[in-house]
Amino acid sequence: MTTFRELAREIPVVEEADVIVCGGGPAGTTAAVAAARTGAKTVLFDVHGCLGGVWTAGALSWIIDASNKAGIMAEIVGALDARNARAGRSADFAYDVEAMKLVLDRLALEAGVSVQLHTRVVAAYRDERNRLSTVVTESKSGREAWLAHVFIDATGDGDVAAQAGCGFDLGHPETGQTQPMSLMALLTGIELDEVDAFVAGGLETTTTDPDHAARFRDGTLNLLSELRRAGVEPSYTRPTLCSIYADLFALMANHQYGASAIDARDVSSATMRARSEIDELVTGLRSLGRPWDDLRVVATGAQIGVREGRRIHGRYQVTEDDLVRGARHQDGVCRVRFGVDVHALLRDEGGFQSRAQDRLETRTREYDIPMRALIARDVDGLLLAGRCISGDFLAHSSYRVTGNAAAMGQAAGVAAALSATSGVLPHELPWHEIAEALASVSPVELPM
Ligand SMILES: Cc1cc2nc3c(=O)[nH]c(=O)nc-3n(C[C@H](O)[C@H](O)[C@H](O)COP(=O)(O)OP(=O)(O)OC[C@H]3O[C@@H](n4cnc5c(N)ncnc54)[C@H](O)[C@@H]3O)c2cc1C
């Protein structure tokens, strides 16, 4: 590859914060709120024009593994309920994406977080003590530098940790293949009472509730038959329609295989392929007449849903063994209930889920994520939250769902604030101090 040597230049240092959170998805937003409530001067960056990540820019509209999470996750659920913006009261639930944007804005602003949207973190620098000291952003304000005592990488893909030089894993341990991306769509022009038979109980595929599982299966199989009746074949063989309101639905019906989350050209072509496929599927259904004749796409996600990015090396790695033995940790910050859910890695794997998970499917138990999995191993002063924490391929497919991401965010935010204000590195903080502060930020039930 030919290269171009960019000229070195002086750039402004905009601010010195206590805590900088990079990425404002479920993990990053809760991290920033928790850090600010713990008394840290906190800055939060996100590349999109809203907080929420896959919850909003990704138009996901379905939250899993939140029912056993107190703390900020429960506050978010309460705020959605106050707006009548949550569908149903089941353990996993759909919600109104626009309401979620407002709820997260308010949480962050009320906590005193300094939020900067439309801003991408593009570089990270360590000092001579191997401590992350500076990140560089690109935005409409140009290229700018920001200093902090502690940073949190909540970019989903582990961008900042990688920029800082942390080791990481990506994809299947043998092949490097990653799970497919999926672009979400919000649909209208149909009525719940007319399409009820095609509506599933949830967007993702693994559940332990038999009623929910049956409803999921029936709804997705009916929708698949209906699409085939229309002469169109979805790339995801469990196409899922879920109801947000009686006339607003979320559709997850495509799998974009072989695209890397850390390759901008892959992400771009996967997004455009997926958007075109959604149009084809919706046009096909509409051609069937009632009840689909007015079916329309309201919006597709501004960000294609990425299941897998980098898994950054931490001071503990969550592994499939943790799932099998139901690991318990004295420094547990999040109890995971969701099972293993590896989506097919290749289109011709013969199903919607990957055979890579077969041996584990029925043998997993609830397990804890310890604080140590949220602390970067290779660079000091850097915490991780959300799907980029330290774990192996199979464990990641379980802990990645957003109820867990939010709980991890809260823990990372509290630890970052304590570290920044006390001068003690995150991995040297006594666990009991983190646990006490976690409870005072927003009541949490730590796994015991
Ligand atoms: C199609 C699909 C369906 C899923 N279904 C479900 C489901 O039904 N329920 C569920 O709970 N979970 C589901 N998941 C899993 C879940 O969405 C993710 O694992 C979850 O988003 C993890 O949250 P996060 O905060 O770590 O990451 P993200 O939601 O990806 O948030 C990362 C944030 O960082 C920002 N960002 C990234 N890079 C930078 C940068 N360099 N600078 C600044 N900002 C940056 C992004 O804009 C984004 O806002 C699904 C995932 C996919 C892809």
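A few remarks follow.
- Candidate aspartates and glutamates for bridging to LYS69, where Cα separation is under 13 Å - those fewer than 8 sequence places away on the same chain excluded: ASP92, ASP368, GLU445
- P(r) weight above 21 Å for the range 130-240, C-alpha pairs, percent: 61
- If the segment from ASP127 to ASP358 were pulled out straight at 0.36 nm per residue, it would be longer than the present Cα-Cα gap by 78.7 nm.
- Straight-distance candidates among the lysines for linking to LYS140, with alpha-carbon spacing under 30 Å and chain neighbours fewer than 8 residues away dropped: LYS41, LYS101.
- Distance between the range 36-100 and the range 128-161 - C-alpha centres, whole angstrom: 24
- Ordered by the number of other Cβ atoms lying within 10 Å of each residue's own Cβ, fewest first, ILE375, ILE262, ILE64, ILE11 fall into the sequence ILE11, ILE262, ILE64, ILE375.
- Total charge dipole magnitude, the range 297-437, about the Cα centre, Cβ charges on Lys, Arg, Asp, Glu only, Debye to nearest 20: 260
- Only one residue of GLY258, ILE244, LEU186 has its Cα farthest out toward the positive end of the dipole of the range 174-289, where Lys and Arg carry +1 and Asp and Glu -1 on Cβ, and that residue is GLY258.
- In this simple spin-label model, placing a label point 7 Å from the Cα along the Cα-to-Cβ direction at both SER67 and HIS118 gives a separation of 4.1 nm.
- Entry note, the chain: the mean residue ellipticity at 222 nm calculated from DSSP H runs of n ≥ 4, each adding -39500 (n - 2.57), is -9500 deg cm²/dmol after division by the residues and rounding to the nearest 500.
- Note on ARG265 and HIS432: the extension gain reaches 55.6 nm, defined as 0.36 nm multiplied by sequence separation minus the Cα-Cα distance.
- Nonlocal amide H pairs with GLU15, under 5 Å, H built at 1.01 Å: LEU147
- The spacing between the range 240-281 and the range 310-375, judged by their C-alpha centroids, is 24 Å.
- Taking only Cα atoms of the chain, radius of gyration then Dmax in Å: 21.2, 67
Readers should treat all values here as calculations from the given coordinates under stated rules, not as data from a laboratory. Computed from a predicted structure; not experimentally measured. Cβ atoms come from the backbone with ideal geometry, glycine included; neighbour counts cover every protein chain shown.
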